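The values are calculated or read from the model by the stated rules, or taken from the named source; none is laboratory data. Note that the structure is a prediction, hence the values are computed from the model and not measured. Note that we place each Cβ from the backbone using ideal geometry, even for glycine, and neighbour counts take in every protein chain shown.
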Amino acid sequence: MLSRTWGIVRFCYDELRTTVSREQWVGILRNGVLLLLPLIFVLVFWARMRALPPPASTHKTWVAPVSVDTPTWVAGMKQQGFATHGQYLAAQAIALSHSIYGALENEYYADDPTLRPAIAYWKRACQNAHGSLCADAQSGNLQCVEFVAAIFAVIDDELPYIGNANQFWTLYQGKPGWQEIPASAVRQQTPAPGDMVAWSGGKAGHLALVVDVQPPAHGHDGSITVVQTEAADLFDRLTWHANGTIDSWPGYTLQGFIRQQEIAPCLQQQSTPLQQHWEALAMQAAVHYGTPAKYLLQQICQSGFQTTNSAGHVLVSPTGAIGIAQLSPSLARQVPRCVINFVNNAANCAQMPGSLPSGKGVDPTKPEEALPAAAYEMSALYAHYRQNKAVQGSQSELQAYTMALAAYNAGPELVDKAVNSCQAQGWLNCLNQWQPDHHTQKYIDAVLGINVSDVPVGRNP
């Protein structure tokens, strides 16, 4: 059988060799190769696709929010200070959360010193007609909106618009200094710590604050951790799916994230790249030293974020303040030099041996030195006047900051004399008597955007 088959093959080969010329053989081979090339390409492409990891599925399985423990990133961040205003907010939220308890996380320890500034805010902003604390801020009924509002208030950055949680998304739409990130746009704009989170649905919606974010990566889901009251859990971790969707509770619709954007008012319409650079530096220094950023930016706006005048000379005010931060020469000489290296040094570097650069004195004509120095000095002066018994009795954080601004402008010795002589109610009147041109009050009014003499003691703007 085998020999017969071989004979047939041999006969066919001989016939082809005698009837097909060399040129015809070459043509047959060339056409065969051309026919095989597409097949080879398809096989190679198929093999490569099999070697690639599978793409992220667009299908998702709903995952209920999960109760989690307090995020731990704050402890490490406090070593060197916070990099963003949002991190500072989130850290304050976590600090306040230690005072919250209960089955619905709506009770609090009223005698906890950490919560004292929040309670002072609620007493001022959420009172009944007869002066008692309103129901939404009382222990046992602490509403989510009042908790989030208190987070902003304790860093002297009160929310400008308050309503029930269902209204928050609409309240902040298109408002200057605020950015809204719809839930459908989180792949283009990542949520961040410090963002408020708004839900519609339920009886009155829901509001929380982001304290930790882990974006999806490599096809795997991420998460967003929020802190809240009037909920089953104080901290909830929401699943952020690889396809961009974020799971929430049944009956609630996640509207999105509301972010505060600290922008210097004098730079909102027009600014140069250099002014934007100095603005960012001022913001970072304010966050690091715990100075209310919105006030510091307004403070630097007194120079227009400029270092020189129209003639190209160093900027000097009529009272002798120098440079972009309008530092007085005496104040500039006493600032610890280590504060200018705030990226590497702690906020209290002056009390830490070995902090560099060493010594005292900054150059007020150099923004990279003057802006951190201004943030540091305002923080130190603010702390100084908050400890004053007259200010503590007035329960007004604005009062302490107003005194700090006055001391920055006129010198702490003169302001201390006015406060000690005339107390919290009359110190500014005394200062005006000693300054016929009232230049310090004019400075305060310009920075705060209000006439301080019209603000009753015990209220914030």
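Structure data summary
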| quantity | calculated |
| --- | --- |
| Only listed residue being surrounded by fewer than 16 Cβ atoms within 10 Å (Cβ to Cβ), within 31 Å of the chain's Cα centre (by Cα) and among the aliphatic types (A, V, I, L, M), chosen from 280, 286, 325, 332 | 280 |
| Selected residue (only one of 388, 341, 345 is over 21 Å from residue 302 (Cα atoms), touching a Ser or Thr at 6+ places or on another chain (Cβ under 6 Å) and of a type in the set (S, T, N, Q)) | 345 |
| Filter pass, residue 350 being in the same structural domain as residue 378 (by TED's automatic domain parsing) and either more than 19 Å from residue 384 (Cβ to Cβ) or crowded, with 23+ Cβ neighbours inside 10 Å (or both) | no |
| Every residue from segment 231-259 that is among the β-branched types (Val, Ile, Thr) and either without any contact (Cβ under 8 Å) to a residue 12 or more places away in the chain or farther than 27 Å from residue 160 by Cβ (or both) | 239, 245 |
| Only listed residue being assigned to a strand (DSSP E or B), at pLDDT 95 or above and touching a Ser or Thr at 6+ places or on another chain (Cβ under 6 Å), chosen from 254, 209 | 254 |
| Residue 233, sole failed condition from (1) modelled with pLDDT under 95; (2) surrounded by 19 or more Cβ atoms within 10 Å (Cβ to Cβ); (3) of a type outside the set (Lys, Arg) | (2) |
| Breaking point among (1) within 23 Å of residue 195 (Cα to Cα); (2) in contact (Cβ under 8 Å) with a residue 60 or more places away in the chain, for residue 122 | (2) |
| Qualifying helices (runs of 4 or more DSSP H) (wholly inside segment 98-201; at least 1 residues being within 26 Å of residue 252 (Cα to Cα) and under 25 Å from the mean Cα position of the chain (by Cα)) | 144-154, 165-171 |
| Segment 211-230 - residue that is touching a residue at least 60 places away in the same chain (Cβ under 8 Å) and farther than 15 Å from residue 247 by Cβ and, of those, surrounded by the fewest Cβ atoms within 10 Å (Cβ to Cβ) | 219 |
| Contacts under 7 angstrom Cβ, first residue in segment 419-443 being assigned by TED's automatic domain parsing to the domain that holds residue 320, partner β-branched (Val, Ile, Thr) and in a loop (DSSP other than H, G, I, E, B), 6 or more apart | 424/457; 425/457; 439/319 |
